[in-house]
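The following block contains the structure, expressed as structure tokens.
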Amino acid sequence: MVEFGLEPDAVSYQIMIGKYCKDHKVDCALMLLNNMIQCNVSPSVHSYTALIAALYKENRLAEVDVLYNKMLDNGLVPDHVLFFTLVNNHPRGSEITLACTFLRAIAKNGCGINLSNIPSTTSQKVTTNIISDIDHLLGEIVARNLSLANVAFNIYMIALCLGGKLDSALLAWTRWQAFLFSLHCQLITL
């Protein structure tokens, strides 16, 4: 391609990264991602998803975390495919942390995400500080945008259920319904 004077674009890079990942050449795909960034071509969530899935297959979990955080730092918000990839492959016990980072990404970037099919097959103990962190993030998102708050609330409920905190999930549901009712009453009085 370069021989003919053409520079690869984001789609070309994405295809090559996907092919390298499929062929179990993850290091080549990572080099290509770095080259892409150096050439001022912004990687997409799809490129990161392919790389993260390939790293999981090779059990390179530390690199998954680094790559995932790099993606978030670049302002990309994970889509539902990446979220499923993370939840299905990450060591059990990390689902709450993933949900929390997902909430941070939504709070930071203000994007809506379809999470209608999230599985909730795992249970674990959740530390109070993570729950309060999620609760705080939910409050920030609610203050900014109601449609984002709906997405964030779904993530929050998933995190609580995955963490085995059903009592907290029911309490959160009650609080959410009260919030929506008060918002509805405010709109009627306007």
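For the stretch 38-53, name all the residues that are more than 21 Å from the chain's Cα centre (by Cα) and either under 15 Å from Thr85 (Cβ atoms) or assigned to a helix (DSSP H, G or I) (or both).
Correct list: Gln38 only.
Here's a follow-up. Return the pairs, sorted by first residue and then second, in which the second residue is assigned to a helix (DSSP H, G or I) and at pLDDT 80 or above, the first residue lies in the stretch 68-83 and is under 15 Å from Asn34 (Cα atoms), the beta carbons are less than 6 Å apart, and the residues are 6+ apart or on different chains.
Met71/Tyr48
Which residues, counting only those in the stretch 27-52, are farther than 15 Å from Ile15 by Cβ and crowded, with 21+ Cβ neighbours inside 10 Å?
Ile52
Now for a different question. Identify all residues within the stretch 1-31 that are in contact (Cβ under 8 Å) with a residue 12 or more places away in the chain, over 15 Å from Tyr56 (Cβ atoms) and assigned to a loop (DSSP other than H, G, I, E, B); write none if there are none.
Glu7, Pro8, Asp9
Further question on the same structure: When you scan the stretch 1-53, how many residues do you find that are modelled with pLDDT of 95 or more, acidic (Asp, Glu) and either touching a Phe, Trp or Tyr at 6+ places or on another chain (Cβ under 8 Å) or more than 21 Å from Lys70 (Cβ to Cβ) (or both)?
Number satisfying all stated conditions: 1.
The values are calculated or read from the model by the stated rules, or taken from the named source; none is laboratory data. Remember, predicted model here, so these are calculated numbers, not experimental data. Heads up, the Cβs are rebuilt from the backbone with ideal geometry, glycines too, and the neighbour counts pull from every protein chain shown.
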